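Every number in this text was worked out from the coordinates using simple rules, so none of it is lab data. Remember, predicted model here, so these are calculated numbers, not experimental data. Cβ placement follows ideal geometry from the backbone for every residue including glycine, while neighbour counts extend to all protein chains displayed.
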Amino acid sequence: MVSSSPGAAPRLAIVGGGIGGLAVAAFLHLAGLPAVVYEQASALKEVGAGLVLAPNVVRLLRRLGVMGKLASHAVPLDVGWEFRRWEDGRVLSSEDLASSCERLYGERTYTAHRADLHSAIASAVPAGTVQLGRRCTGISVRGDSVMLWFADGTSVEADVVIGADGVHSVVRGAVTVPSPATYSGICAFRAIVPVGRAPEFARRRAQTLWIGPGHHLVHYPVSGEAAVNLVAFAPAGDYTTESWSATATVEEFLAEFAGWDERLRDLIRQAGTPGRWALLDRAPLARWSHGPVTLLGDAAHPMFPFFAQGAAQAVEDAAVLARCLAEDTQAPPQALQRYESLRIARTTRLQQVSHARAHVNHLPDGPEQEARDQSLAAADPLTAGEWIYAYDPGAADAGAAD
């Protein structure tokens with residue numbers, strides 16, 4: 001294979017065509033750098049359910065030019081962090097996003113189905129960028145280049161490999177010694193309820209969190225308000241399957257919320273066939289990059305979903321990585337190291353605070369729970385989260401880590 005000639009753009013290979021992989025391809029294209037995305041699936045699609053799009057990711061999606069495409073599917077939230085008590089639905093606190101979010105951060109907060117976000121980002125990727133049915137099975141660094149091997153028996157050589165291949169990343173093994181994940185003791189349920197079957201309280205443009213002993217449940221509208229997304233967290237017991245294709249029954253879902261407010265249980269009863277997966281715990285990595293190989297998104301920093309920042313951090317990674325590569329096309333390893341230095345402290349902090357939130361949400365009734373509820377009533381999460389929501393990689397100091 002012919003190597004890149006001096007002065008030519010580096011050959012960029014992205015392993016994984018999820019939200020992070022497509023986002024980095026889109027930002028690289030915006031910077032004038034072509035890339036190839038190798039995706040193992042036979043069709044370009046996203047699984048999963050809903051997600052929250054806070055201002056830090058919305059401003060980047062707008063920069064990509066995809067908010068117009070997403071607008072008909074995304075739902076602007078009027079209320080966020082509406083915490084409710086488990087047994088009676090009493091509102092413990094809520095945040096007025098409609099009047100404050102754009103004033104503070106220049107953007108609204110939205111909810112969307114993952115598939116709609118994925119499709120919107122895909123629209124910013126040039127035709128021919130994504131190769132489907134290419135499951136990466138091996139990676140080897142050879143001096144200044146990298147070889148990738150695929151399940152179909154083919155291989156490619158690249159000057160830079162970006163591992164956007166998720167929590168079970170193959171690329172990660174070329175960067176650091178893989179460490180086994182540990183079971184968190186928490187499992188998640190997810191479901192999409194058509195809006196016509198959802199109770200009135202769940203149809204509002206609100207992100208609502210019901211919290212109680214050992215459990216919590218979040219719901220909000222998605223898909224242009226045609227559906228309500230549910231995601232709930234409960235003790236895992238001996239359940240260890242970490243797969244978004246695994247399912248549960250409505251009866252199993254309901255059993256986890258026995259004794260909770262009957263209005264919430266009525267919503268769960270409309271859940272169809274819920275998904276169920278175990279949350280695995282992974283410590284933050286000490287490094288993401290090694291020579292011409294780097295990681296992005298869940299491959300670099302998988303985090304519990306309790307701050308709703310997983311997809312947002314992958315898109316932030318993509319924007320910073322594209323900028324670093326565009327500024328130093330002739331020295332990719334240095335560009336990758338710079339990308340890591342700009343991103344690792346921020347994502348590590350988010351991993352840590354997301355991890356800690358599980359304990360806070362799941363307190364049993366008692367003095368500690370009462371103190372938490374009082375704290376929630378006095379809190380202003382939108383302002384307290386300035387370090388998350390005001391972040392803009394395009395405005396970051398080029399000489400300092402964010």
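Treat the count of other C-beta atoms within 10 Å as a stand-in for reagent exposure and order Val360, Val79, Val15 from fewest to most.
Working: Val360 15, Val79 18, Val15 30.
In increasing order of surrounding Cβ atoms, one gets Val360, Val79, Val15.
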Those GluC sites (Glu not before Pro) from segment 57-162 that are DSSP loop and have at most 16 other Cβ neighbours within 10 Å turn out to be Glu87
What number does segment 154-273 give for Rg over Rh if you use C-alpha atoms and the Kirkwood radius? 1.11
Starting with the fewest neighbours, write out Glu370, Glu340, Glu252 ranked by other beta-carbon atoms found within 10 Å of each beta-carbon. Glu370, Glu252, Glu340
Rank these for me by crowding, Leu104, Leu64, Leu230, going from fewest to most other beta carbons within 10 Å. Leu104, Leu64, Leu230
The chain: equivalent-ellipsoid semi-axes (sqrt of 5 x gyration tensor eigenvalues, Cα, Å): 37, 22, 20
So which residue, out of Gly106, Gly212, Gly153, gets the largest mean-square fluctuation from a GNM of the chain using Cα contacts under 10 Å as springs? Gly153
